[in-house]
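Engineer: The structure follows.
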């Protein structure tokens, strides 16, 4: 059975469905002139950002692709070098294309959602949801299509072995990760630059409401939601998705070949089919409650995935009970993903202890509020880490029990967790669209009823975003473990004999690797602070120099603010991103392949911990502020509110810049190790 | 040569010198009645705290000692069980005794320093310094005396092998760590409870100055400095000191025996001799500049230590050039300690970029100030981690080059770093004494000249404290690496074959271990927040209910505040401390000895990272506030100052509660693993 074709076909269907949804959303009415005006400004800002990001990315790819091609070419032959460099460019290209389509859909869905909000929740919800689904379906479809095609061409047109063909898909994965790193880190800096500046000058200094059209930073803020949350989060999840599939394929090729190499593609395919069905069903599950519809879609996807997964593993032709050694670990991965998502929800929900205590702490001042949210952020890592440990334990032992190699078990567990990712990205991208819709409704003066609908969608969007973040981190953890196993194989470390933890290269590698995520976080947060500093100056200047602006008689210069945020974000991300690529290479050159293994392990540990901590502390502060804004402890304008706003601002770069970039960063570092494995082998044979 | 006697003798000399200094300090005049009044309140508060802490510790020891005795007794024979339980109690007892003496000296030296400040800096400095040296000399002396005695008795009176005798000293180390954990975590909660409450109600709500006698929390605040910084820091450094010596002795007994077992004692002995000489010389190095005198003392100690170290290793009778394989790693350890201390100084110094940028960020509000300090705290881990990596690399390869086992090299490098610890503790304890002296001078109305002298001493004290914190963390890192090597030996893991990093028990162990330091930090910070909440209520109540208090006509009830801080701190520390002991046991029972090795490794990684980050972020915020208070950005009372105060308050539990407790916590977890090694062996042979 040509599973590559089936997988590529599923990818194509997903892309076509995305295009269909795009058409469905964009043919709707766009609302009043004022609304279209605002939406146009957001669209222009988003395009301007994406264009600049693509230029910067192109320059980056222009340096990295030849380096990969030459290094791999010298060690493995020219054909391999060219193939992996092309795959790298394709990976980055597919993600760029999908993100452009997704963003274009999102910045058109927002105004249409706001317009539909005048008719009520039932009319508005599908617009926002299917606007977001364009991103989810397009990026997952393109990715699955790309991997299948490259693997197929490698096997047939070039006549390579399974292992060689699987290794070339690493290039595709690396390209997708390069895009993800830019989108997450750059987008993260961009979105928080805009958000913080808009709040600091608008809300704090001048006391005008959020999303007020007089604020010169408000468009940049709305653009930022799309850049960071639509393009960024989609790219982040998909970069784990691709990496998990590729790592599992490499381990499959090594540990048995044949069906083992193709199984990851098969699992991903049925996951995508289930996701398409789930996304399709969401609109019929909507009975006045968007949360129920989203959960219904997720349950439908998971249920269908289970059935298809059973069918595909049971009939895959594995000897004896080995199919159970694939089926059960995949389930364990899926379960762990859901558990981690749910605990994230607990730690950041507006009606749970952590957030409520953080809100109460705000009555004792900003410092106690910050300490409390900080502590809950640290506590929140416990259930997720236990979840990762249980998933590791379960997939390892279940695979072994049924005669499947345990590393392969961990790899398929990561693939299992991520195969429903199209559904997850769709619910996630729903968040920024609703957020924008709320802004447009406010700026377009749509009245209290429409605003209430937009508020309801926005609140649901925040919950989805929190759950997705937890899911993304858990998925990254399992993916990177799978990649870690694939790396050790690629550099010819005997899996049974392994890597000695008590040797100085490994110990030093662990320390250096563990140092990277905090270092990367620090650089990104400092970048946000610097960039926001520049933009605050500009916003203050406009209020000072544009006559009539504060009275609402003149229009602010939105474009300059978008420009500052864009240029700063892209300039600031180059150094941290280069570190993510260069440091593993330096460790490999100076200390060897065992040290690099230790390095990757160290980076996984602190990467996961800092990502969870930052995402959840940020979420708790954000919702604590929202809780105070519902009227608790004196409500808006009270001392407690001011303290809570300070906490929320500290949390902004935690949860939307540094935290979510860490997943991608550790994936990139693992991919660097794997892509350069042939070079490592030559140097440290 | 009976090196045990020489070591015990050096310990005794140190104790006698401490008693002599105690007498020298206490015979000085105590100042005016008002000053003696204040000092009396601090003394009473400190005694009350110590008494309660000792009672709680006794209950804790009463549970843990029999458990150790029985478990070790069942597996290794009754004699061993009794011996190790007794050694455990002795270890805790020695630390308790030394800390009591040190605290008693410190709370008497403070008022005498304030009084001497009326005569000028040259008169005041030696009082503060030698008051602190009592703690340093007493605790190091008692520790070295205790280890030597136990080892000697084991070898002669009980006729044990070197390994058995060395293993019993583990009990002593564990006891000292139990005390350190209580003193650091309990003292840390205590001191920040008092500090935050005093500031929040006094400075922020009522606008009265720091150390104002009308503030009911002011005495508790002054007590806290002594509890956290004198007893806590001394116990923390000494617990690493003892653990490093014991780990090196165990490795020495395993890897060759004879002189290798005794060398760690020998190195520690010459280190103590050099420290005694260095401490003695400090007063003669004082020429108007306390910083120069302290540095001079440190250089004199280091120089003398080098000479003695050369003499002792060269003449130890090691075959061939093996003495170089001990001498050079010891030097590498000492060098790394100094480098880490200096980079800590850079990141927290009031005239360097990190602190200046953090201060500048305060002009943009509390949130940006906090983000900036947070980021610099994260950046600050980079040079220290590089220092630890270089020390590991150097001591490993230098030992190997000259035919000494590399694990032994790392162990002696930790011993080398810590052997001058008596000098380090002496400069550190100088800090809180000067801080208190400043408070007493303020409360005793000593006038601007005396206050200026006290301020100069206080500023120098802050620098010393920052350097010591970095040193303590670096020392803990190397110590725990040495203990890690000792653990793997004790549970019969072949050092050459090692522990396989890519196996599920080790991976899960790493994740769980890495989770512990953030979890522990979160619990401690939440404890400070809760406890400060209680105390703020009490302080507000007193201002409300005691007539004439705010006008300075009535005296506040200091004692109730001291009580609240004490009881809360001791209640709050039990859960986190129990976790530090129980979780390693659970990991060992459920997952085995390899998993426990992974657990220890994971805890070292994040333990060091969080300890460095918290200590340095806290230091940067603190000094950024002080910088604003010098008049920058509007000085005291400006918006920037308010923002900087918020940052400083967030940093308080970071740098004085959670951060410094982490060293001790990871040491305790390693000791649990080592002490229960015989049990582990029986279960997972």
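What follows is calculated from the coordinates using simple rules that are stated; it is not laboratory data. Predicted, not measured: the structure shown is a model, and the values here were computed from it. Reconstructed Cβ throughout: ideal geometry from the backbone, glycine too, with neighbour counts over all protein chains shown.
Engineer: Taking a point 7 Å out from Cα toward Cβ as the label site, list the nm distances between residue A:27 and the same residue in every other copy, smallest first.
Structural biologist: So the distances to the same position in the other copies read 10.2 nm.
Engineer: Hey, another quick one. Please give the Cα centre distance for region A:1-61 versus region B:380-442, rounded to the nearest Å.
Structural biologist: Taking the Cα centre of region B:380-442 as reference, the centre of region A:1-61 is 56 Å away.
Engineer: Using R₀ = 45 Å, calculate the FRET efficiency as 1/(1 + (r/R₀)^6) where r is the Cβ-Cβ separation of residue A:352 and residue B:390; round to 0.05. Show your work: numbers first, answer last.
Structural biologist: Working: r = 45 Å, r/R0 = 1.01.
Approximately 0.50, to the nearest 0.05.
Engineer: Further, regarding this structure: Once you place label points 7 Å from the Cα toward the Cβ at residue A:280 and residue B:19, how far apart are they in nm?
Structural biologist: Label at residue A:280, label at residue B:19, 9.0 nm between them.
Engineer: Here is a further query. Report the FRET efficiency, 1/(1 + (r/R0)^6), for residue B:27 and residue A:681, where r is their Cβ-Cβ distance and R0 is 41 Å, rounded to 0.05.
Structural biologist: Here the calculated transfer efficiency is 0.05.
Engineer: Hey, what D do you get for the protein assembly as shown in µm²/s if you plug the Kirkwood alpha-carbon radius into Stokes-Einstein at 37 °C and 0.692 mPa s?
Structural biologist: My calculation gives 103 µm²/s for D.
Engineer: Tell me the label-point distance for the pair residue B:299, residue A:571, using the 7 Å Cα-to-Cβ offset, in nm and rounded to one decimal.
Structural biologist: According to this spin-label approximation, the distance is 4.3 nm.
Engineer: Between region B:622-685 and region B:230-286, what is the separation of their alpha carbon centroids in Å?
Structural biologist: When both Cα centres are located, 25 Å separates them.
Engineer: List the equivalent ellipsoid semi-axes of region A:3-683 in whole Å, largest first, each obtained as the square root of 5λ for an eigenvalue λ of the Cα gyration tensor.
Structural biologist: In descending order the semi-axes read 40, 26, 24 Å.
Engineer: Just need the relative contact order of region B:234-349 here, percent rounded to a whole number, with Cα pairs under 8 Å and 6+ apart.
Structural biologist: Numbers: 73 pairs, mean separation 21.3, N = 116.
Relative contact order comes out at 18 percent.
Engineer: Taking Cα atoms, how many degrees apart are the long axis of helix B:381-401 and the longest axis of chain B, rounded to 10 and kept between 0 and 90?
Structural biologist: Computed tilt is about 20 degrees.
Engineer: To test your reading of the geometry: what angle, between 0 and 90 degrees and rounded to tens, separates the Cα axis of helix B:366-379 from the longest principal axis of chain B?
Structural biologist: Taking the Cα atoms of chain B, the angle to B:366-379 is about 20 degrees.
Engineer: If contacts are Cα pairs under 8 angstrom and at least 6 residues apart, what is the relative contact order of region B:3-683 in percent?
Structural biologist: Over region B:3-683, the number comes to 21 percent.
Engineer: Suppose only helical runs count, i.e. DSSP H with n ≥ 4. What mean residue ellipticity at 222 nm does that imply for chain B under -39500 (n - 2.57) per run, divided by all residues and rounded to the nearest 500 deg cm²/dmol?
Structural biologist: The helix-only estimate for chain B comes to -29000 deg cm²/dmol at 222 nm.
Engineer: D for region B:398-484, whole µm²/s, Stokes-Einstein with Kirkwood Rh over alpha-carbon pairs at 4 °C and 1.567 mPa s: what number?
Structural biologist: Using the Kirkwood radius from Cα pairs, D works out to 85 µm²/s.
Engineer: Would you mind ranking A:410, B:139 so that the residue whose beta carbon has the fewest other beta carbons within 10 Å leads the list?
Structural biologist: Placing the least packed residue first, the sequence is A:410, B:139.
Engineer: Work out the FRET efficiency for residue A:158 and residue A:210 from their Cβ-Cβ distance, taking R0 = 51 Å, and round it to the nearest 0.05.
Structural biologist: 0.40
Engineer: Whole percent per 10 Å bin, from 0 to the bin with the longest distance: what is P(r) over all C-alpha pairs of region A:252-330?
Structural biologist: Distribution as computed: 19, 41, 23, 14, 4, 0 percent.
Engineer: Can I ask one more? Could you compute how fast region A:372-438 diffuses translationally, taking Rh as the Kirkwood radius over C-alpha pairs and applying Stokes-Einstein at 37 °C with viscosity 0.692 mPa s? Give it in µm² per second.
Structural biologist: On the way: Rh = 14.7 Å.
In µm²/s, the coefficient is 224.
Engineer: What percent does the relative contact order of region B:147-294 come to when contacts are Cα pairs within less than 8 Å and at least six residues apart?
Structural biologist: Relative CO of region B:147-294 lands at 24 percent.
Engineer: Now for a separate question. Name all residues of region A:625-647 having a backbone nitrogen under 19 Å from the label point set 7 Å from the Cα of residue A:540 along its Cα→Cβ direction, giving them as ranges.
Structural biologist: What the label zone holds, given the 19 Å backbone N cut-off, is A:646.
Engineer: Still on this structure, please answer the following. To the nearest Å, what is the center-to-center distance of region B:128-161 and region B:477-527, using C-alpha atoms only?
Structural biologist: Rounded to whole Å, the Cα centres lie 28 Å apart.
Engineer: Throw me the Rg/Rh for region A:506-548, computed over C-alpha atoms with Kirkwood Rh, two decimals.
Structural biologist: Values: Rg = 19.0 Å, Rh = 13.0 Å.
That ratio is 1.45, to two decimals.
Engineer: Relative to the longest principal Cα axis of chain B, at what angle does helix B:421-443 sit, 0 to 90 degrees, rounded to 10?
Structural biologist: 10
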